[in-house]
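A.B. asks: Below you will find the structure I want to go over with you.
The values are calculated or read from the model by the stated rules, or taken from the named source; none is laboratory data. For clarity, every value in this text was computed on a predicted model and none was experimentally measured. Cβ sites come from the backbone with ideal geometry, for glycine too, and all protein chains shown count toward neighbours. These area figures cover heavy atoms from the full protein model, side chains too; ligands, DNA and RNA do not enter into them. Shrake-Rupley method; radii C 1.70, N 1.55, O 1.52, S 1.80 Å.
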Amino acid sequence: MPANFSHVLTLVADAQGAPLTRDHIKQVEAALDPLAIATGDVDWLAPERACDIALDACDPDQVEAAVTQALARATIDCFAQPVDGRRKSLLLADMDSTIIAEESLDELAGYLGLKDKIAAITARAMAGELDFEAAITERVGLLTGLPETSIFDAVDEMTINPGAATLVATMKAQGARCLLVSGGFEHFTGAVAAKLGFDEHQGNRLEIKDGKMTGQIEGAIRDQDSKLATLNATAVAMSLPLSAAMTVGDGANDVPMLKAAGAGVAYHAKPVAAAAARFRINHSDLSSLLYIQGYMRSEFVT
């Protein structure tokens, strides 16, 4: 990036949609012209999928608002930020509906024919309409008697979201530490962490007796405060400022860590999380977290 351009705008097209083209870039330049924001060179991070556009000093929120409006008909995400410090050394990721496609409790409920009932509670909790601890306690209570074998089945059936494996592998290859922090359960976080190579995982622990769920959670409930505490403690242990951390999540219990990190990313998120995050992914997949940091596709570890 030329020295006289202090900021960068990154555009990322949905990998399943239309390609990113020079016409899109012209639309961006036209949208920024009334704001008197100079644009510089275009660096392609991935052909037809992601690029960086050099920017003069600017307000990133203002840039993103203008670009989002200009590209409203395209499935393209945009991220504006200062160039300095964009590559991060710490990643904290939510699990349910972020790293995996499912809400793990909802999937467990399916084995008892309660998925719709519990999913409705989950949706309200993730939207910030219900207290997280009360909501998780109620939902787990409804699963009393579920065999642990059903939990193992649900773990086997979970779906890793596109880009998740590449995100973790690439950041780890560059020396970053990657943590999976969830209000979900250790049966799932342990399996996901092992599959994707997270350095550490945290989740709630389901109480199991005689091979069945008791409807109780063992120990203190991990919630939004726990995620933030883990972010702070890990940054201190690594002697990193929070500006060197990236967090990603989709729901209300991710809000504190999204606000605190240098790069908080809302991934196909509920409005409460999208409003709290510095960046929002609405179209593309989790590999966008790498493009946000300036990684080129050729640097990806797959």
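A.B. asks: Considering only region 276-292, state which residues are in contact (Cβ under 8 Å) with a residue 60 or more places away in the chain and either touching a helix residue (DSSP H, G or I) at 6+ places or on another chain (Cβ under 7 Å) or surrounded by 23 or more Cβ atoms within 10 Å (Cβ to Cβ) (or both).
C.D. replies: Selection gives F279, R280, I281, S284, L286, S287, S288, L289, L290, Y291, I292.
A.B. asks: Among the helices (runs of 4 or more DSSP H) confined wholly to region 240-295, which include 3 or more residues that are of a type outside the set (S, T, N, Q) and closer than 17 Å to G128 by Cα?
C.D. replies: Details: elements: 255-260, 271-276, 288-292.
It comes to 255-260, 271-276.
A.B. asks: For residues in region 240-251 being open to solvent by 10 Å² or more (accessible area, probe 1.4 Å) and touching a Leu at 6+ places or on another chain (Cβ under 9 Å), which is nearest to M171 (Cα to Cα)? Walk me through how you get there before you give the answer.
C.D. replies: Restricting attention to region 240-251, the residues satisfying the condition of being open to solvent by 10 Å² or more (accessible area, probe 1.4 Å) are 240-244.
Now drop any that are not touching a Leu at 6+ places or on another chain (Cβ under 9 Å), which leaves 240, 242, 244.
Details: L240: 16, L242: 17, A244: 13 Å.
Applying the filter and picking the extreme gives A244.
A.B. asks: Is one or more of the residues making up region 116-133 outside any helix (DSSP H, G or I), of a type in the set (G, A, S) and either touching an Asp or Glu at 6+ places or on another chain (Cβ under 6 Å) or under 25 Å from G262 (Cα atoms) (or both)?
C.D. replies: Keep residues of region 116-133 that are outside any helix (DSSP H, G or I), which gives 127-131.
Filter once more, so that each one left must be of a type in the set (G, A, S): 127-128.
Checking which are either touching an Asp or Glu at 6+ places or on another chain (Cβ under 6 Å) or under 25 Å from G262 (Cα atoms) (or both) leaves us with 127-128.
Yes, there is a match, as at least one residue in region 116-133 is outside any helix (DSSP H, G or I), of a type in the set (G, A, S) and either touching an Asp or Glu at 6+ places or on another chain (Cβ under 6 Å) or under 25 Å from G262 (Cα atoms) (or both).
A.B. asks: Scan region 128-141 for residues that are crowded, with 17+ Cβ neighbours inside 10 Å, closer than 13 Å to L206 by Cα and out of contact with any Ser or Thr (no Cβ under 8 Å at 6 or more places or on another chain) and jot them down.
C.D. replies: Answer for region 128-141, where residues must be crowded, with 17+ Cβ neighbours inside 10 Å, closer than 13 Å to L206 by Cα and out of contact with any Ser or Thr (no Cβ under 8 Å at 6 or more places or on another chain): I136, V140.
A.B. asks: Go through region 256-269 residue by residue and tally those that are surrounded by fewer than 23 Cβ atoms within 10 Å (Cβ to Cβ) and in contact (Cβ under 8 Å) with a residue 60 or more places away in the chain. Show your work before the answer.
C.D. replies: Applying the first criterion (surrounded by fewer than 23 Cβ atoms within 10 Å (Cβ to Cβ)) to region 256-269 yields 256, 259-260, 262, 268.
Next, from what is left, pick out any that are in contact (Cβ under 8 Å) with a residue 60 or more places away in the chain: 262, 268.
The qualifying residues number 2.
A.B. asks: While we're on this one: For region 43-52, give me the residue count where each residue is over 14 Å from H7 (Cβ atoms) and surrounded by fewer than 16 Cβ atoms within 10 Å (Cβ to Cβ). It would help to see each step written out before you state the result.
C.D. replies: Taking region 43-52 first, the residues over 14 Å from H7 (Cβ atoms) are 44-51.
Pick out the ones that are also surrounded by fewer than 16 Cβ atoms within 10 Å (Cβ to Cβ) and you get 44, 47-48.
Summing the residues that are over 14 Å from H7 (Cβ atoms) and surrounded by fewer than 16 Cβ atoms within 10 Å (Cβ to Cβ) in region 43-52 gives 3.
A.B. asks: Ok, one more. Given the criterion open to solvent by less than 10 Å² (accessible area, probe 1.4 Å), under 21 Å from the mean Cα position of the chain (by Cα) and at pLDDT 95 or above, identify the matching residue among L20, L9, L108, L32. Break it down into steps so the answer makes sense when it comes.
C.D. replies: On the way: L20 fails: under 21 Å from the mean Cα position of the chain (by Cα); L108 fails: under 21 Å from the mean Cα position of the chain (by Cα); L32 fails: under 21 Å from the mean Cα position of the chain (by Cα).
One residue alone meets the criteria, L9.
A.B. asks: What are the pairs with Cβ atoms under 8 angstrom where one residue, in region 119-135, is on the phi > 0 side of the Ramachandran plot and the other, located anywhere, is open to solvent by 60 Å² or more (accessible area, probe 1.4 Å) and among the small types (G, A, S)? Sequence gap at least six, or different chains.
C.D. replies: Taking only residues 6 or more apart or on different chains, not a single pair turns up.
A.B. asks: Of all the strands (runs of 3 or more DSSP E) wholly in region 150-227, which have at least 3 residues that are crowded, with 20+ Cβ neighbours inside 10 Å and in contact with a helix residue (DSSP H, G or I) (Cβ under 8 Å, 6 or more places away or on another chain)?
C.D. replies: On the way: elements: 177-185, 200-209, 212-218.
Strands (runs of 3 or more DSSP E) meeting the threshold: 177-185, 200-209.
A.B. asks: While we're here: Any residue at all in region 70-86 that is buried (at least 19 other Cβ atoms within 10 Å of the Cβ) and in a helix (DSSP H, G or I)?
C.D. replies: Scanning region 70-86 turns up at least one residue that is buried (at least 19 other Cβ atoms within 10 Å of the Cβ) and in a helix (DSSP H, G or I).
A.B. asks: Another one. Can you list residue pairs whose Cβ atoms sit under 7 Å apart, with the first residue in region 6-23 being within 15 Å of T39 (Cβ to Cβ) and the second being in a strand (DSSP E or B) and aromatic (F, W, Y)? Count only pairs 6 or more apart in sequence or on different chains.
C.D. replies: Filtered contacts from region 6-23: T10/F79.
A.B. asks: What about L55, is it closer than 30 Å to F185 by Cα and open to solvent by less than 20 Å² (accessible area, probe 1.4 Å)?
C.D. replies: No, not satisfied.
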